[in-house]
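These notes are about the structure you will find just below.
The values are calculated or read from the model by the stated rules, or taken from the named source; none is laboratory data. As the structure is a prediction and not an experimental result, all values here were calculated from the model. Just the protein is used for accessible areas: all its heavy atoms, side chains included, with ligands, DNA and RNA removed. Shrake-Rupley method; radii C 1.70, N 1.55, O 1.52, S 1.80 Å.
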Amino acid sequence: MRKILVFIAVAFFFGCRDSKKSNNISNNSIENISYLVDLEGNSYNKTKLKGKKVLLNFWATWCGPCIKEMPDLLDAQKILIKDNYVFLLVSDESQEQILEFKKQANYDFTFLKATKTNASLGVYALPTTYIYNEKGQKVDKIIGFVKWDSEEIITKLKNI
């Protein structure tokens, strides 16, 4: 029992959480993504998202649960492409770190860099995912690891 309590305490302390509080940017509309740049430093063209459903996933190269869910995210992206979805994976790490991860992992995602810290965006735990409908309205926020290609999640995302 003592080992279990120690494990829980260690997991909580070293988990993928950022406990800093600061003012966050409203994530109620996909229009509020001016803080995103591509891996060449160019502002992300949000017109690409017009009329699309968007899965905006905040992650980090050091976050185990973030990396663990990526194969499932990739499968979900393939399944949901015909349902008008765009998957964007966002990190506040350096462009170099994101590029190196992309090169090594070889995932076919749109990786973007946030020019603001996760905490300033209201993201206090990783992974955190926001789901937007075709009108650009936030319809869901999911915190933590998800089995993205599960039947339950795919059905949920299709029905947004």
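Observations
- 19 Å Cα-Cα reach of K48 towards aspartates and glutamates, excluding residues that sit fewer than 8 places from it in its own chain: E31, D38, E40, D83, D108, E134
- What the phi angles of segment 142-149 give under the Karplus curve with 6.51, -1.76 and 1.60, with θ = phi - 60°, is a coupling list of 10, 10, x, 4, 9, 8, 4, 9 Hz, glycine and proline written as x.
- Straight-distance candidates among the lysines for linking to K103, with alpha-carbon spacing under 19 Å and chain neighbours fewer than 8 residues away dropped: K68, K113.
- In plain terms, the bigger the Kirkwood radius, the slower the diffusion; for segment 30-159, with that radius from Cα pairs, at 4 °C and 1.567 mPa s, Stokes-Einstein puts D at 88 µm²/s.
- For segment 30-159: accessible area per residue (Å², 1.4 Å): 49
- Residue-level accessible surface for L99, protein heavy atoms, 1.4 Å, Å²: 80
- Gain in span if fully extended, N159 to F109, counting 0.36 nm per residue against the direct Cα distance: 15.8 nm
- Cα-only Debye scattering, segment 94-141: base-10 log of I(q)/I(0) at q = 0.22, 0.24, 0.30 Å⁻¹: -1.01, -1.07, -1.11
- A probe of 1.4 angstrom, applied to the heavy atoms of all protein chains, finds F109 with accessible area near 10 square angstrom.
- Long-range amide H partners of V90 with built H, under 5 Å: N57, F58, W59, L112
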